[in-house]
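Structure first, commentary second.
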Amino acid sequence: MQIGKTLISERRIRRRVRELGAQITSDYQNRDTVLMGVLNGSVCFMADLMREISLPVEVIFIRLSSYQGTQPGEIKVGSDFGIDLSGKHVLIVEDIVDTGSTMKFIIERVTDLGASTVEICSLLDKPSRRIHPTEIRYAGFQIPDEFVVGYGLDYDGLHRNLRHVAVLEE
Ligand code: 5GP
C-alpha cells in the first residue's frame with residue numbers, strides 16, 4: 001500500500017476549515033458548547049477547527065475503534081462516556097462519516113447523557129457507503145468511495161501526519 005493521488009490539498013482544507021469555524025461561531029452564540037472529538041482520526045481537524053471558532057467552547061475527546069486495516073470492525077468505547085452533558089450543545093467532530101455506524105452509536109450515547117442538542121461536524125463525507133442515514137450539519141468535503149489517508153486519517157496507524165488528504169493505492 002502506498003500514498004496515491006492528492007484528493008484534497010492542504011490549502012483547500014485550510015480554507016474550508018476556516019469557513020466551517022465561521023459558520024459554527026455564528027450558529028453557537030450564547031450556548032454552552034462542547035466540541036467532542038473522536039480519536040484518533042479527528043486530531044488534526046479538531047486542532048485547526050477549534051482555533052477557527054471564536055467562542056468559549058469546551059473541548060473533549062472520546063476513543064472508539066471501528067476499523068481494522070480497511071475493513072469495518074466492531075465499535076468499542078475506549079474512554080469514559082461518564083460525563084454530564086445535560087444542557088450542553090454537543091458538536092461531534094469527526095474525520096469521516098462512512099457507513100454512519102460510528103455516528104449513530106455516539107449520538108445515541110450523547111443523547112442519553114442529556115445533551116440539549118447533538119450535531120455532527122465531519123471533515124469528510126463518503127455518502128456512497130452509508131448504511132445509517134446521518135445528518136451532517138457541517139461537512140467539509142464529499143468524497144467518492146475510496147480509502148483515504150492523511151490529515152488525521154490513517155492506514156494501519158500510519159499517514160495521519162500528512163498535511164493533505166490522499167487516496168491509498170495498492
Ligand atoms: P463509519 O462508522 O461511518 O462507517 O466509519 C467511520 C470511521 O471509519 C472513521 O472515523 C474512520 O476512522 C474510518 N474510515 C472510514 N472511511 C475511511 C477512509 O477512507 N480512510 C480512513 N483512514 N478511515 C476511514
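Contact list please: Cβ distance under 8 Å, first residue in the stretch 150-165 and among the acidic types (Asp, Glu), second residue near the ligand (Cβ under 9 Å from one of its atoms), pairs at least six apart or on different chains. If the second residue must be near the ligand (Cβ under 9 Å from one of its atoms), the pairs left are Asp154/Asn40; Asp154/Gly41; Asp154/Arg160. The residues of the stretch 1-37 that are of a type in the set (A, V, I, L, M), farther than 17 Å from Glu94 by Cα and surrounded by 15 or more Cβ atoms within 10 Å (Cβ to Cβ), listed by number, are Ile3, Leu7.
Counting only residues that are more than 8 Å from the ligand (Cβ to nearest atom), more than 18 Å from Val34 (Cα to Cα) and part of a strand (DSSP E or B), the stretch 99-134 holds 1 of them. Residues in the stretch 17-49 that are away from the ligand (no atom under 16 Å from the Cβ), touching a residue at least 40 places away in the same chain (Cβ under 8 Å) and not in a strand (DSSP E or B): Val17, Leu20, Gln23, Ile24, Tyr28, Arg31, Asp32.
Cβ-Cβ contacts under 6 Å between residues 6 or more apart (or on different chains), taken from a first residue in the stretch 125-138 that is farther than 9 Å from Met103 by Cβ to a second residue that is assigned to a strand (DSSP E or B) and near the ligand (Cβ under 8 Å from one of its atoms), are listed as Asp125/Val97.
Given the structure, is Leu153 more than 13 Å from the ligand (Cβ to nearest atom) and surrounded by 14 or more Cβ atoms within 10 Å (Cβ to Cβ)?
Working: more than 13 Å from the ligand (Cβ to nearest atom): no; surrounded by 14 or more Cβ atoms within 10 Å (Cβ to Cβ): yes.
Judged against the criteria, Leu153 is not a match.
Tell me, yes or no, whether the stretch 78-85 has at least one residue that is touching a residue at least 40 places away in the same chain (Cβ under 8 Å), under 19 Å from Cys44 (Cα atoms) and within 16 Å of the ligand (Cβ to nearest atom). No.
Once the stretch 143-170 is narrowed to residues that are small (Gly, Ala, Ser) and not in a strand (DSSP E or B), the residue that is farthest from the chain's Cα centre (by Cα) is Gly157.
No lab work stands behind these numbers, since they all come straight from the coordinates. Just so you know, these numbers come straight off a predicted model, no measurement behind them. Every residue, glycine as well, gets a Cβ built from its backbone with ideal geometry; the counts of neighbours run over all protein chains shown.
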